[in-house]
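For reference, the structure discussed in these notes is given below.
The values are calculated or read from the model by the stated rules, or taken from the named source; none is laboratory data. The shown structure was predicted, so the numbers you read here are calculated from the model rather than taken from an experiment. All Cβ positions, glycine included, derive from the backbone under ideal geometry; neighbour counts span all protein chains shown.
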Amino acid sequence: MTDAVPSADRRAMQYRPLPFRAHDTRIEHREDGCWLFTPGYPAVAQWPSIPHLAIDRASRIPDAPLIARRALLEDGSRGAWQRRSYADIITSARSLAQALLDMNVASDRCIMVLSGASANHLVVNLAAQMARIPYAPVSVNYAMAGGGYARLRHCADVCRPQLVYADDWQQFLPAMRAISGSGDVILVTDEAAPAGESIALQELITAPAGEAVERSIAAITPDTHAKTIFTSGSTGKPKGVIQTQRMLTGVVAQHDAMYQHSERPLGTRSYLSWMPWSHVGGNNTLMADVLNDGACLYVDDGRPVPGQFGESIRNLHEISPSEFTSTPSFYSELVNAMEADPGLRERFFSQLNHLSFGAAGLSEDVFRRLQALSVAATGQGIPIIAKYGTSETQGTFATPWPIEQTGPIGLPFAGNVVKLAPVVDSFEIRVKGLTVTPGYVNDPQATADAFDDEGFYRTGDAARLIDAEQPELGVVFDGRLSENFKLQSGTWVDVGNLRLALIAALDPLLMDAVILGEGEAEVRALGWLRVADARALVGEALPLDLLVAHPLIQAHCAAALARCNAAAGGQSRQIAALRLLATPPEGDEIADKGYINQREVMRQRPDDVRAAYRGEGILPRA
């Protein structure tokens with residue numbers, strides 16, 4: 001057994017204490033080239049199901065707030081916080097569960113939700129679990145008008161909803177009509193739609209819960225199908241991932257095994273999050289922590305995109321989280337805001353014990369600036385950790401110590417065994433254990449294809465050891481195997497690492513990039529500027545379309561490209577040209593979790609792809 005705690009000489013900075021236990025990992029290097037990582041401490045599920053955990057918290061802290069969201073005003077803005085208590089949410093969920101049981105929803109149907117995070121959405125979520133009916137939240141983007149609803153219809157075909165809920169009939173009724181099918185689908189909205197097209201949610205939660213609800217909750221088993229979470233669809237049609245109660249309570253058990261919990265009483269913690277509930281990060285991992293801590297989840301209606309981040313800043317001026325998880329795109333916006341607003345910086349770091357990120361790589365520039373801001377606010381660095389997981393595995397890796405640079409994803413969470421299986425010149429991450437899905441809804445072929453002959457789920461993502469001589473130091477994420485491609489020469493291009501290298505080389509200007517070149521003679525790229533940093537460089541508050549053509553921006557990028565290529569090595573690691581995009585990512589180009597969907601960008605911007613290969617971009621030069 002190896003105690004994988006980094007040595008003191010790797011920690012150049014004094015950090016706030018990170019509330020994690022020392023990480024024990026058994027590591028085996030097999031003759032077939034595979035590495036096996038088995039956590040040495042157990043993850044034991046304390047709760048039979050998430051409803052059991054939620055009910056326990058409601059009995060112990062009934063009046064504490066469970067969820068809060070700002071009221072929506074007539075002009076579309078957000079007003080004061082509206083909070084709902086643990087007791088209120090659980091009472092409503094029990095009552096709705098009774099109504100669902102009375103409807104006799106078929107065992108092969110589901111409860112689908114189209115809208116985002118809200119108190120009523122949480123009621124539907126818990127009620128469906130209490131009634132043992134799979135609950136399926138889908139991306140809000142799928143239900144937006146103008147897209148033809150193709151992905152939404154596909155999701156409905158997979159999980160066959162018998163009841164569809166959305167908060168606002170005016171926004172979501174067209175999408176609800178698109179999937180209502182034969183007419184046996186019950187449409188539910190917060191307020192009833194005209195002509196009886198939907199039922200008001202409150203009409204279903206007026207009657208008190210009866211014994212049928214208690215019997216249903218008692219009948220929940222670890223293998224009960226609790227949720228269906230759809231994959232992002234970045235490499236094909238979204239697949240419906242079965243989420244069992246074992247997986248959901250396993251997340252709680254993993255975190256209990258990892259964290260050194262303080263004596264802070266239930267009902268005193270706060271979380272703030274914009275993360276979508278159509279993915280496991282927001283719907284499973286975050287909610288597991290909220291319920292386990294007896295905390296309040298403050299729903300952030302801001303987004304890390306131009307024109308919407310101001311709402312997040314407003315919320316962070318009022319809510320001081322004890323831990324904070326978000327995407328690199330969020331932190332990229334946040335550092336600019338905190339550098340301009342010392343009051344925001346002081347408030348953000350006042351109660352914070354660590355930051356974490358996932359979904360994509362955090363740039364070195366943003367990493368350094370977060371640490372500088374923490375030191376300015378507290379005199380200490382803030383522990384920053386990276387996490388890795390998929391819809392099929394939940395949390396898989398985490399760094400159990402503060403990372404010194406971006407890239408590492410650490411060692412496995414307790415309860416799972418990770419296998420690194422050799423693939424080409426890298427390793428594929430494969431997982432087996434407590435939080436791994438049994439398969440996909442109504443797709444036996446995809447289920448069979450997803451597991452290897454030892455029962456490990458094949459993530460399709462790559463990793464490499466930080467140091468093969470010291471495997472206890474953990475692994476580095478090495479990109480998505482499905483994104484990699486070959487040039488005309490037959491040379492493989494490692495898209496993930498090349499993208500991160502490009503962003504790092506252009507610090508602090510590049511927000512994100514798309515790597516091009518499949519079947520071409522050389523690699524080229526599309527990229528988006530970080531507007532605030534680009535404006536700082538040119539000294540003017542210019543719009544994006546003028547920034548991309550500005551001589552100072554062009555010169556900076558050209559010189560940075562030349563330096564990047566000079567240090568890169570072979571042709572597959574060099575960017576022959578970069579085309580800056582004059583419009584921000586939108587729609588399906590940016591996934592709910594905040595990362596760029598590489599293939600969708602190429603599909604939606606064929607003119608820019610062609611222009612990049614006509615030489616209409618920035619060429620590397622000194």
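Of all residues in segment 162-171, at least one satisfies being more than 30 Å from residue 45 (Cα to Cα), free of Cβ contacts under 8 Å to residues at least 40 places away in the same chain and surrounded by fewer than 17 Cβ atoms within 10 Å (Cβ to Cβ).
Reported count of residues in segment 243-281, each being outside the structural domain of residue 355 (by TED's automatic domain parsing), crowded, with 19+ Cβ neighbours inside 10 Å and of a type in the set (Ser, Thr, Tyr), is 2. For segment 575-587, a residue qualifies if it is surrounded by 21 or more Cβ atoms within 10 Å (Cβ to Cβ) and more than 12 Å from residue 544 (Cβ to Cβ), and the qualifying residues are 575, 576, 577, 578, 579. Return a yes/no flag: does segment 63-77 have any residue that is surrounded by fewer than 14 Cβ atoms within 10 Å (Cβ to Cβ) and assigned to a strand (DSSP E or B). Among the residues of segment 63-77, at least one is surrounded by fewer than 14 Cβ atoms within 10 Å (Cβ to Cβ) and assigned to a strand (DSSP E or B), which makes the answer yes.
The requirement of being surrounded by fewer than 24 Cβ atoms within 10 Å (Cβ to Cβ) and out of contact with any strand residue (DSSP E or B) (no Cβ under 8 Å at 6 or more places or on another chain) is satisfied by residue 101. Among the residues making up segment 440-474, those that are in contact with a Phe, Trp or Tyr (Cβ under 8 Å, 6 or more places away or on another chain) and either among the polar types (S, T, N, Q) or under 23 Å from residue 250 (Cα atoms) (or both) are 447, 450, 451, 457, 458, 461, 474. Of the residues examined, residue 105 is not one that is assigned to a helix (DSSP H, G or I) and either touching a residue at least 12 places away in the same chain (Cβ under 8 Å) or among the hydroxyl-bearing types (Ser, Thr, Tyr) (or both).
Residues that are of a type in the set (Asp, Glu) and in a helix (DSSP H, G or I) were ranked within segment 533-564; the one that is surrounded by the fewest Cβ atoms within 10 Å (Cβ to Cβ) is 545.
Residues that are of a type in the set (D, E, K, R) and either part of a strand (DSSP E or B) or closer than 15 Å to residue 470 by Cα (or both) within segment 22-40 comprise 24, 26, 28, listed in sequence order.
Scanning segment 400-427 for residues that are touching a helix residue (DSSP H, G or I) at 6+ places or on another chain (Cβ under 9 Å) and either modelled with pLDDT under 85 or among the aliphatic types (A, V, I, L, M) (or both) returns 403, 404, 405, 406, 407, 411, 414.
Highlighted here are the helices (runs of 4 or more DSSP H) found entirely within segment 298-412 that include at least 3 residues which are among the hydrophobic types (A, V, I, L, M, F, W, C) and surrounded by fewer than 18 Cβ atoms within 10 Å (Cβ to Cβ): 364-378.
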